[in-house]
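S.K.: I'd like to ask you about the structure that follows.
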Amino acid sequence: PADGVEAHFERTIERDQRVEPRDWMPGRYRTTMVRQIAQHAHSEIIGMQPEGAWITRAPSLRRKAILLAKVQDEAGHGLYLYSAAETLGADRADLTRRLISGRQKYSSIFNYPTTTFADVGVIGWLVDGAAICNQVPLCRSSYGPYARAMVRICKEESFHQRQGYEMLMCLMRGTPAQREMVQDAVDRWWWPSLMMFGPPDADSTHTAQSMAWKIKRHTNDELRQRFVDMTVPQARALGVTLPDPDLRWNEERGHHDFGEIDWSELKRVISGDGPCNAERIEVRRAAHEDGAWVREAAAAHAAKQADTAGR
Ligand code: FAQ
(Lines give C-alpha, C1' and ligand atoms only; values in the text may rest on other atoms or scores of the structure.)
Protein backbone atom coordinates (compact mmCIF):
# COMPACT_ATOMS: atom_id res chain seq x y z
CA PRO A 1 0.00 0.00 0.00
CA ALA A 2 1.14 3.54 -0.82
CA ASP A 3 1.31 4.76 2.79
CA GLY A 4 3.46 1.73 3.63
CA VAL A 5 6.20 2.77 1.20
CA GLU A 6 5.96 6.40 2.23
CA ALA A 7 6.38 5.49 5.88
CA HIS A 8 9.34 3.31 4.92
CA PHE A 9 10.96 6.25 3.11
CA GLU A 10 10.38 8.58 6.07
CA ARG A 11 11.85 6.02 8.46
CA THR A 12 14.90 5.54 6.24
CA ILE A 13 15.60 9.29 6.35
CA GLU A 14 14.86 9.57 10.04
CA ARG A 15 17.24 6.74 10.95
CA ASP A 16 20.00 8.12 8.77
CA GLN A 17 19.90 5.09 6.50
CA ARG A 18 20.36 5.28 2.73
CA VAL A 19 17.67 5.42 0.07
CA GLU A 20 18.59 2.91 -2.65
CA PRO A 21 17.59 2.89 -6.35
CA ARG A 22 14.93 0.19 -5.98
CA ASP A 23 13.26 1.88 -2.99
CA TRP A 24 10.11 3.95 -3.34
CA MET A 25 10.84 7.67 -3.05
CA PRO A 26 8.67 10.79 -3.45
CA GLY A 27 8.68 12.15 -7.01
CA ARG A 28 10.15 15.45 -5.79
CA TYR A 29 12.99 13.66 -4.01
CA ARG A 30 13.84 11.88 -7.28
CA THR A 31 13.65 15.14 -9.27
CA THR A 32 15.84 16.97 -6.75
CA MET A 33 18.43 14.21 -6.76
CA VAL A 34 18.55 14.06 -10.57
CA ARG A 35 18.89 17.87 -10.68
CA GLN A 36 21.72 18.03 -8.16
CA ILE A 37 23.61 14.98 -9.47
CA ALA A 38 23.29 16.11 -13.10
CA GLN A 39 24.48 19.64 -12.26
CA HIS A 40 27.35 18.15 -10.36
CA ALA A 41 28.28 15.80 -13.23
CA HIS A 42 28.07 18.64 -15.77
CA SER A 43 30.33 20.74 -13.52
CA GLU A 44 33.00 18.05 -13.54
CA ILE A 45 32.86 17.72 -17.33
CA ILE A 46 32.75 21.47 -18.08
CA GLY A 47 35.34 21.91 -15.30
CA MET A 48 37.86 20.04 -17.43
CA GLN A 49 38.08 23.01 -19.80
CA PRO A 50 39.65 25.85 -17.78
CA GLU A 51 42.58 23.68 -16.66
CA GLY A 52 42.64 21.52 -19.78
CA ALA A 53 43.58 24.64 -21.70
CA TRP A 54 46.98 24.57 -19.93
CA ILE A 55 47.95 20.94 -20.59
CA THR A 56 49.88 21.80 -23.76
CA ARG A 57 51.45 24.86 -22.09
CA ALA A 58 52.51 23.37 -18.74
CA PRO A 59 56.01 24.61 -17.82
CA SER A 60 57.55 21.15 -17.25
CA LEU A 61 56.93 17.48 -17.99
CA ARG A 62 56.17 16.91 -14.30
CA ARG A 63 53.52 19.65 -14.21
CA LYS A 64 52.06 18.37 -17.49
CA ALA A 65 51.77 14.80 -16.17
CA ILE A 66 50.09 16.00 -12.95
CA LEU A 67 47.64 18.25 -14.80
CA LEU A 68 46.77 15.56 -17.32
CA ALA A 69 46.01 13.14 -14.46
CA LYS A 70 43.88 15.72 -12.65
CA VAL A 71 41.79 16.54 -15.70
CA GLN A 72 41.32 12.81 -16.36
CA ASP A 73 40.11 12.39 -12.76
CA GLU A 74 37.50 15.08 -13.42
CA ALA A 75 36.25 13.13 -16.45
CA GLY A 76 36.04 10.07 -14.17
CA HIS A 77 34.03 12.01 -11.58
CA GLY A 78 31.64 13.15 -14.27
CA LEU A 79 31.14 9.55 -15.38
CA TYR A 80 30.48 8.18 -11.86
CA LEU A 81 27.99 10.96 -11.34
CA TYR A 82 26.15 10.36 -14.62
CA SER A 83 25.95 6.68 -13.60
CA ALA A 84 24.50 7.71 -10.23
CA ALA A 85 21.88 9.81 -12.07
CA GLU A 86 21.06 6.78 -14.25
CA THR A 87 20.12 4.78 -11.13
CA LEU A 88 17.25 7.27 -10.76
CA GLY A 89 16.00 6.61 -14.27
CA ALA A 90 17.73 9.56 -15.97
CA ASP A 91 19.14 9.03 -19.44
CA ARG A 92 22.71 10.24 -19.93
CA ALA A 93 22.24 11.31 -23.55
CA ASP A 94 19.25 13.34 -22.45
CA LEU A 95 21.24 14.99 -19.63
CA THR A 96 23.96 15.96 -22.10
CA ARG A 97 21.34 17.45 -24.45
CA ARG A 98 19.94 19.46 -21.53
CA LEU A 99 23.40 20.77 -20.66
CA ILE A 100 24.18 21.79 -24.23
CA SER A 101 20.83 23.47 -24.73
CA GLY A 102 21.21 25.43 -21.47
CA ARG A 103 18.27 23.71 -19.73
CA GLN A 104 20.51 22.31 -16.97
CA LYS A 105 23.10 24.19 -14.97
CA TYR A 106 26.71 23.59 -14.04
CA SER A 107 28.82 25.40 -11.44
CA SER A 108 29.29 29.14 -11.97
CA ILE A 109 33.01 28.82 -11.19
CA PHE A 110 33.88 27.25 -14.54
CA ASN A 111 32.76 30.32 -16.46
CA TYR A 112 35.89 32.28 -15.56
CA PRO A 113 39.01 32.31 -17.74
CA THR A 114 42.39 30.82 -16.81
CA THR A 115 44.77 33.52 -17.98
CA THR A 116 48.06 32.33 -16.42
CA PHE A 117 49.52 29.04 -15.21
CA ALA A 118 49.11 30.24 -11.61
CA ASP A 119 45.35 29.88 -12.20
CA VAL A 120 45.86 26.12 -12.36
CA GLY A 121 47.41 26.21 -8.87
CA VAL A 122 44.72 28.51 -7.52
CA ILE A 123 41.93 26.33 -8.95
CA GLY A 124 43.48 23.37 -7.12
CA TRP A 125 43.79 25.30 -3.89
CA LEU A 126 40.56 27.33 -3.81
CA VAL A 127 38.16 25.63 -6.22
CA ASP A 128 38.99 22.07 -5.20
CA GLY A 129 39.20 23.32 -1.59
CA ALA A 130 35.64 24.69 -1.85
CA ALA A 131 34.50 21.52 -3.63
CA ILE A 132 35.84 19.34 -0.79
CA CYS A 133 34.26 21.53 1.85
CA ASN A 134 30.89 21.17 0.09
CA GLN A 135 31.27 17.49 -0.80
CA VAL A 136 32.65 15.83 2.35
CA PRO A 137 29.23 16.18 4.05
CA LEU A 138 27.63 14.80 0.87
CA CYS A 139 29.35 11.46 1.65
CA ARG A 140 26.50 11.20 4.20
CA SER A 141 23.84 12.30 1.74
CA SER A 142 20.66 10.21 1.97
CA TYR A 143 20.79 8.84 -1.59
CA GLY A 144 23.10 5.79 -1.49
CA PRO A 145 24.69 5.84 -4.96
CA TYR A 146 25.44 9.58 -4.70
CA ALA A 147 26.88 9.31 -1.18
CA ARG A 148 29.13 6.41 -2.22
CA ALA A 149 30.33 8.21 -5.35
CA MET A 150 31.28 11.17 -3.13
CA VAL A 151 33.63 9.04 -1.01
CA ARG A 152 35.95 8.29 -3.90
CA ILE A 153 35.53 11.72 -5.47
CA CYS A 154 36.51 13.45 -2.22
CA LYS A 155 39.67 11.37 -1.90
CA GLU A 156 40.72 12.42 -5.39
CA GLU A 157 39.71 16.05 -4.81
CA SER A 158 41.85 16.29 -1.70
CA PHE A 159 44.83 15.12 -3.74
CA HIS A 160 43.94 17.79 -6.33
CA GLN A 161 43.80 20.43 -3.63
CA ARG A 162 47.25 19.50 -2.35
CA GLN A 163 48.80 19.55 -5.81
CA GLY A 164 47.42 23.08 -6.28
CA TYR A 165 48.78 24.24 -2.95
CA GLU A 166 52.18 22.64 -3.62
CA MET A 167 52.42 24.37 -6.99
CA LEU A 168 51.61 27.72 -5.38
CA MET A 169 54.26 27.15 -2.70
CA CYS A 170 56.80 26.58 -5.49
CA LEU A 171 55.74 29.76 -7.27
CA MET A 172 55.84 31.76 -4.03
CA ARG A 173 59.46 30.65 -3.51
CA GLY A 174 60.23 31.86 -7.04
CA THR A 175 60.78 35.29 -8.57
CA PRO A 176 58.85 38.48 -7.71
CA ALA A 177 57.03 38.10 -11.05
CA GLN A 178 55.92 34.58 -10.08
CA ARG A 179 54.67 35.79 -6.70
CA GLU A 180 52.73 38.58 -8.41
CA MET A 181 51.23 36.06 -10.78
CA VAL A 182 49.94 34.02 -7.81
CA GLN A 183 48.52 37.09 -6.06
CA ASP A 184 46.77 38.18 -9.25
CA ALA A 185 45.20 34.73 -9.63
CA VAL A 186 44.07 34.74 -5.98
CA ASP A 187 42.52 38.20 -6.50
CA ARG A 188 40.51 36.91 -9.47
CA TRP A 189 39.38 33.55 -8.02
CA TRP A 190 38.61 34.38 -4.38
CA TRP A 191 35.12 35.86 -4.75
CA PRO A 192 33.94 33.40 -7.45
CA SER A 193 35.09 30.55 -5.13
CA LEU A 194 32.82 31.88 -2.37
CA MET A 195 29.95 31.96 -4.87
CA MET A 196 30.35 28.22 -5.55
CA PHE A 197 28.43 27.53 -2.33
CA GLY A 198 25.30 29.00 -3.86
CA PRO A 199 23.01 31.92 -2.95
CA PRO A 200 22.71 33.05 0.69
CA ASP A 201 20.42 30.82 2.76
CA ALA A 202 17.64 33.39 2.71
CA ASP A 203 17.50 33.18 -1.11
CA SER A 204 18.18 29.46 -1.52
CA THR A 205 15.20 27.73 -3.15
CA HIS A 206 16.12 24.16 -2.29
CA THR A 207 18.05 24.19 0.99
CA ALA A 208 15.17 23.70 3.45
CA GLN A 209 13.68 20.70 1.63
CA SER A 210 17.09 19.19 0.83
CA MET A 211 18.10 19.47 4.50
CA ALA A 212 14.83 17.85 5.59
CA TRP A 213 15.55 14.94 3.24
CA LYS A 214 19.20 14.88 4.43
CA ILE A 215 20.42 15.31 0.86
CA LYS A 216 22.27 18.40 2.09
CA ARG A 217 23.74 18.25 5.60
CA HIS A 218 24.64 21.94 5.94
CA THR A 219 23.31 25.15 4.45
CA ASN A 220 25.13 27.16 1.77
CA ASP A 221 26.16 29.86 4.28
CA GLU A 222 27.43 27.34 6.84
CA LEU A 223 29.72 25.71 4.29
CA ARG A 224 30.88 29.06 2.92
CA GLN A 225 31.86 30.11 6.47
CA ARG A 226 33.69 26.83 7.03
CA PHE A 227 35.61 27.39 3.79
CA VAL A 228 36.63 30.93 4.74
CA ASP A 229 37.80 29.78 8.20
CA MET A 230 39.78 26.93 6.66
CA THR A 231 41.39 29.06 3.93
CA VAL A 232 42.58 32.12 5.90
CA PRO A 233 45.46 30.30 7.67
CA GLN A 234 46.42 28.58 4.39
CA ALA A 235 46.67 31.99 2.69
CA ARG A 236 48.84 33.23 5.54
CA ALA A 237 51.17 30.24 5.27
CA LEU A 238 51.42 30.79 1.53
CA GLY A 239 52.11 34.52 1.88
CA VAL A 240 49.20 35.78 -0.24
CA THR A 241 46.52 38.32 0.64
CA LEU A 242 42.83 37.46 0.25
CA PRO A 243 41.23 40.43 -1.56
CA ASP A 244 38.73 41.41 1.12
CA PRO A 245 39.38 44.41 3.39
CA ASP A 246 36.55 43.28 5.69
CA LEU A 247 38.03 39.86 6.33
CA ARG A 248 38.90 39.51 10.01
CA TRP A 249 38.66 37.11 12.93
CA ASN A 250 35.60 37.63 15.10
CA GLU A 251 36.46 36.43 18.59
CA GLU A 252 32.85 36.46 19.74
CA ARG A 253 31.52 34.35 16.87
CA GLY A 254 34.64 32.17 16.70
CA HIS A 255 34.62 32.67 12.92
CA HIS A 256 36.00 35.09 10.35
CA ASP A 257 33.78 37.93 9.25
CA PHE A 258 34.00 38.66 5.56
CA GLY A 259 32.75 41.27 3.08
CA GLU A 260 29.50 41.28 1.14
CA ILE A 261 29.48 39.01 -1.90
CA ASP A 262 28.36 40.53 -5.20
CA TRP A 263 25.25 38.40 -5.64
CA SER A 264 24.34 40.16 -8.87
CA GLU A 265 27.52 38.67 -10.37
CA LEU A 266 26.50 35.13 -9.31
CA LYS A 267 23.03 35.65 -10.81
CA ARG A 268 24.53 36.91 -14.05
CA VAL A 269 26.96 34.00 -14.35
CA ILE A 270 24.31 31.39 -13.48
CA SER A 271 21.93 32.84 -16.05
CA GLY A 272 24.50 32.37 -18.83
CA ASP A 273 26.15 35.76 -18.94
CA GLY A 274 29.54 35.08 -17.33
CA PRO A 275 32.87 35.70 -19.07
CA CYS A 276 33.14 32.22 -20.63
CA ASN A 277 29.64 30.65 -20.60
CA ALA A 278 29.16 30.69 -24.38
CA GLU A 279 32.65 29.32 -25.04
CA ARG A 280 32.31 26.50 -22.47
CA ILE A 281 29.03 25.27 -23.97
CA GLU A 282 30.32 25.63 -27.52
CA VAL A 283 33.39 23.48 -26.74
CA ARG A 284 31.16 20.86 -25.09
CA ARG A 285 28.77 20.86 -28.05
CA ALA A 286 31.62 20.44 -30.55
CA ALA A 287 33.12 17.56 -28.52
CA HIS A 288 29.70 15.88 -28.38
CA GLU A 289 29.16 16.23 -32.12
CA ASP A 290 32.71 15.15 -32.99
CA GLY A 291 32.24 12.07 -30.83
CA ALA A 292 29.00 10.97 -32.52
CA TRP A 293 30.79 8.42 -34.74
CA VAL A 294 32.32 6.74 -31.67
CA ARG A 295 28.91 6.31 -30.04
CA GLU A 296 27.44 5.01 -33.32
CA ALA A 297 30.33 2.56 -33.79
CA ALA A 298 30.01 1.33 -30.19
CA ALA A 299 26.25 0.84 -30.59
CA ALA A 300 26.75 -1.00 -33.93
CA HIS A 301 29.38 -3.23 -32.31
CA ALA A 302 27.11 -4.00 -29.33
CA ALA A 303 24.24 -4.86 -31.70
CA LYS A 304 26.51 -7.17 -33.72
CA GLN A 305 27.72 -8.92 -30.55
CA ALA A 306 24.12 -9.40 -29.37
CA ASP A 307 23.20 -10.77 -32.79
CA THR A 308 26.10 -13.25 -32.80
CA ALA A 309 25.28 -14.35 -29.25
CA GLY A 310 21.65 -14.97 -30.23
CA ARG A 311 22.55 -17.29 -33.13
N1 FAQ B 1 26.58 27.71 -9.86
O2 FAQ B 1 18.54 26.50 -3.82
P3 FAQ B 1 19.99 26.51 -4.12
C4 FAQ B 1 33.53 20.49 -8.98
C5 FAQ B 1 21.66 27.22 -8.53
S6 FAQ B 1 32.80 21.38 -7.74
C7 FAQ B 1 25.51 27.46 -10.64
O8 FAQ B 1 20.91 26.89 -3.02
P9 FAQ B 1 20.97 23.76 -4.06
C10 FAQ B 1 34.90 19.90 -8.70
C11 FAQ B 1 21.00 25.97 -8.03
O12 FAQ B 1 21.34 24.89 -8.83
C13 FAQ B 1 31.33 22.17 -8.42
N14 FAQ B 1 24.26 27.31 -10.15
O15 FAQ B 1 20.40 25.08 -4.76
C16 FAQ B 1 35.92 20.38 -9.67
C17 FAQ B 1 19.55 26.35 -8.11
O18 FAQ B 1 19.10 26.32 -9.47
P19 FAQ B 1 17.98 25.28 -10.03
C20 FAQ B 1 30.13 21.26 -8.49
C21 FAQ B 1 24.11 27.43 -8.81
O22 FAQ B 1 21.05 22.72 -5.10
C23 FAQ B 1 36.94 21.19 -9.23
C24 FAQ B 1 19.57 27.80 -7.70
O25 FAQ B 1 20.86 28.26 -8.00
N26 FAQ B 1 29.70 20.83 -7.19
O27 FAQ B 1 32.94 20.37 -9.97
C28 FAQ B 1 25.19 27.67 -7.96
O29 FAQ B 1 20.20 23.45 -2.85
C30 FAQ B 1 37.92 21.66 -10.11
C31 FAQ B 1 19.22 28.02 -6.23
O32 FAQ B 1 20.26 27.49 -5.37
C33 FAQ B 1 28.44 20.47 -6.94
O34 FAQ B 1 27.58 20.50 -7.80
C35 FAQ B 1 26.47 27.83 -8.52
N36 FAQ B 1 27.54 28.08 -7.78
O37 FAQ B 1 22.45 24.18 -3.60
C38 FAQ B 1 35.89 20.01 -11.02
C39 FAQ B 1 28.17 19.98 -5.53
N40 FAQ B 1 24.71 27.75 -6.70
O41 FAQ B 1 18.58 23.93 -9.97
C42 FAQ B 1 36.84 20.48 -11.92
C43 FAQ B 1 26.78 19.42 -5.35
C44 FAQ B 1 23.38 27.54 -6.76
O45 FAQ B 1 16.79 25.40 -9.13
C46 FAQ B 1 37.87 21.33 -11.46
N47 FAQ B 1 25.77 20.44 -5.34
N48 FAQ B 1 23.02 27.37 -8.04
O49 FAQ B 1 17.70 25.70 -11.43
C50 FAQ B 1 25.39 21.14 -4.23
O51 FAQ B 1 25.92 20.93 -3.14
C52 FAQ B 1 24.25 22.12 -4.35
O53 FAQ B 1 23.57 21.82 -5.55
C54 FAQ B 1 24.69 23.61 -4.34
C55 FAQ B 1 23.45 24.49 -4.55
C56 FAQ B 1 25.30 23.94 -2.97
C57 FAQ B 1 25.69 23.92 -5.43
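The values are calculated or read from the model by the stated rules, or taken from the named source; none is laboratory data. All values derive from a computational prediction rather than experimental measurement. Glycine gets a Cβ as well: all are built from the backbone with ideal geometry, and neighbour counts include every protein chain shown. Heavy atoms of the whole protein, side chains included, go into the accessibility calculation; ligands, DNA and RNA do not. Shrake-Rupley method; radii C 1.70, N 1.55, O 1.52, S 1.80 Å.
S.K.: Here is a list of conditions, (1) in a helix (DSSP H, G or I); (2) more than 16 Å from the ligand (Cβ to nearest atom), and Gly174 meets all of them except one; can you say which number that is?
M.R.: (1)
Yes/no per residue for (1) among the acidic types (Asp, Glu); (2) over 21 Å from Asp187 (Cβ atoms):
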{"residue": "Pro233", "(1), (2)": "no, no"}
{"residue": "Pro245", "(1), (2)": "no, no"}
{"residue": "Asn250", "(1), (2)": "no, yes"}
{"residue": "Asp273", "(1), (2)": "yes, yes"}
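S.K.: Still on this structure, please answer the following. Looking only at segment 163-211, which residues are open to solvent by less than 70 Å² (accessible area, probe 1.4 Å), in contact (Cβ under 8 Å) with a residue 24 or more places away in the chain and over 24 Å from Pro113 (Cβ atoms)?
M.R.: Result: Pro200, Gln209, Ser210.
S.K.: Follow-up question, since we're still on this one. Looking at segment 186-241, which of the residues that are touching a Lys or Arg at 6+ places or on another chain (Cβ under 7 Å) and in a loop (DSSP other than H, G, I, E, B) is nearest to the ligand (Cβ to nearest atom)? Step through it out loud before you land on a result.
M.R.: Filtering segment 186-241 for residues touching a Lys or Arg at 6+ places or on another chain (Cβ under 7 Å) gives 194, 197, 207, 210, 217.
When the remaining residues are screened for being in a loop (DSSP other than H, G, I, E, B), the result is 197, 217.
Details: Phe197: 6, Arg217: 10 Å.
Top of the filtered list is Phe197.
S.K.: Are any of the residues in segment 86-95 touching a Phe, Trp or Tyr at 6+ places or on another chain (Cβ under 7 Å), free of Cβ contacts under 8 Å to residues at least 24 places away in the same chain and not small (Gly, Ala, Ser)? Break it down stepwise before answering.
M.R.: So the first thing to find is which residues in segment 86-95 are touching a Phe, Trp or Tyr at 6+ places or on another chain (Cβ under 7 Å), and the list is 92, 95.
Adding the requirement that they be free of Cβ contacts under 8 Å to residues at least 24 places away in the same chain leaves 92.
Now narrow it down to the ones that are not small (Gly, Ala, Ser): 92.
Among the residues of segment 86-95, at least one is touching a Phe, Trp or Tyr at 6+ places or on another chain (Cβ under 7 Å), free of Cβ contacts under 8 Å to residues at least 24 places away in the same chain and not small (Gly, Ala, Ser), which makes the answer yes.
S.K.: Among the listed residues Trp249, Trp263, which satisfies the condition of being in contact with a helix residue (DSSP H, G or I) (Cβ under 9 Å, 6 or more places away or on another chain), closer than 21 Å to Pro113 by Cα and open to solvent by 40 Å² or more (accessible area, probe 1.4 Å)? Break it down into steps so the answer makes sense when it comes.
M.R.: Working: Trp249 fails: closer than 21 Å to Pro113 by Cα.
Checking each option against the conditions leaves just Trp263.
S.K.: Can you tell me which of (1) over 28 Å from Ala212 (Cα atoms); (2) loosely packed, with under 15 Cβ neighbours inside 10 Å is the one Gly47 doesn't meet?
M.R.: Failed condition: (2).
S.K.: Within the group Ala75, Ala93, which residue is more than 13 Å from the ligand (Cβ to nearest atom), surrounded by fewer than 16 Cβ atoms within 10 Å (Cβ to Cβ) and assigned to a helix (DSSP H, G or I)? Steps first, answer last, please.
M.R.: On the way: Ala75 fails: more than 13 Å from the ligand (Cβ to nearest atom).
Checking each option against the conditions leaves just Ala93.
S.K.: Could you tell me whether Ser83 is assigned to a helix (DSSP H, G or I), farther than 28 Å from Leu238 by Cα, among the polar types (S, T, N, Q) and modelled with pLDDT of 95 or more? If you could, list the steps in order and put the result at the bottom.
M.R.: On the way: assigned to a helix (DSSP H, G or I): yes; farther than 28 Å from Leu238 by Cα: yes; among the polar types (S, T, N, Q): yes; modelled with pLDDT of 95 or more: yes.
In short, yes.
S.K.: Run down Asn134, Asn220 and say which single residue is open to solvent by less than 30 Å² (accessible area, probe 1.4 Å) and closer than 27 Å to Val19 by Cβ. If you could, list the steps in order and put the result at the bottom.
M.R.: On the way: Asn134 fails: open to solvent by less than 30 Å² (accessible area, probe 1.4 Å).
Just one listed residue meets the conditions, Asn220.
S.K.: Please work out if Lys70 is among the basic types (Lys, Arg), within 24 Å of His288 (Cβ to Cβ), open to solvent by less than 50 Å² (accessible area, probe 1.4 Å) and out of contact with any Pro (no Cβ under 8 Å at 6 or more places or on another chain).
M.R.: On the way: among the basic types (Lys, Arg): yes; within 24 Å of His288 (Cβ to Cβ): yes; open to solvent by less than 50 Å² (accessible area, probe 1.4 Å): yes; out of contact with any Pro (no Cβ under 8 Å at 6 or more places or on another chain): yes.
Judged against the criteria, Lys70 is a match.
S.K.: Tell me, which residue of segment 17-43 that is more than 16 Å from the ligand (Cβ to nearest atom) and open to solvent by 80 Å² or more (accessible area, probe 1.4 Å) is nearest to Gly78 (Cα to Cα)?
M.R.: Checked segment 17-43; the qualifying residue nearest to Gly78 (Cα to Cα) is Arg22.
S.K.: Inspect all residues belonging to segment 56-63 and state whether any of them is β-branched (Val, Ile, Thr) and surrounded by 13 or more Cβ atoms within 10 Å (Cβ to Cβ). Walk me through it before giving the result.
M.R.: Let us first name the residues in segment 56-63 that are β-branched (Val, Ile, Thr), namely 56.
Imposing the further condition that a residue be surrounded by 13 or more Cβ atoms within 10 Å (Cβ to Cβ) reduces the set to none.
The answer is no, given that none of the residues of segment 56-63 is β-branched (Val, Ile, Thr) and surrounded by 13 or more Cβ atoms within 10 Å (Cβ to Cβ).
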